[in-house]
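Take a look at the structure below.
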Amino acid sequence: ITDRDALIEAGRAKLARKGCDLLVVNDVSGGRVFGAADTTVHVLAGEGVLASVTGPKSTAAHTILDAVARRHHERG
């Protein structure tokens, strides 16, 4: 199991516990993203990983917003 797999597994468990439609997870251990220009995020839903991105935080934000917009559109 990789760190990514463990992160996603923990995220899916939290998603189920909280009962939310989407959850965004990123690994912040060891200060990996605090003060850094880049990050990696995974957008999770009940059916799995909807999106993953590594890059500037602005790109991560756009990826998250796109996933929310798609989910909103699907729900009508």
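Where a number appears in this text, it was derived from the coordinates with a stated rule and is not lab data. Fair warning: this is a prediction, and the values are worked out from it, not measured in the lab. Neighbour counts are summed over all protein chains in view; Cβ atoms, including those assigned to glycine, are modelled from backbone coordinates with ideal geometry.
Assorted remarks:
- Test: residue in the stretch 43-52 that is polar (S, T, N, Q) and within 11 Å of the chain's Cα centre (by Cα): yes
Per-residue answers, yes or no, for (1) surrounded by 12 or more Cβ atoms within 10 Å (Cβ to Cβ); (2) within 17 Å of Glu9 (Cα to Cα):
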{"site": "Asp38", "(1), (2)": "yes, no"}
{"site": "His42", "(1), (2)": "yes, yes"}
{"site": "Ala60", "(1), (2)": "yes, no"}
{"site": "Glu74", "(1), (2)": "no, no"}
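- A single member of Ala10, Ala51 is surrounded by 11 or more Cβ atoms within 10 Å (Cβ to Cβ) and assigned to a helix (DSSP H, G or I), and it is Ala10.
- When residues of the stretch 5-36 are limited to those that are free of Cβ contacts under 8 Å to residues at least 24 places away in the same chain and basic (Lys, Arg), the one farthest from Glu74 (Cα to Cα): Arg32
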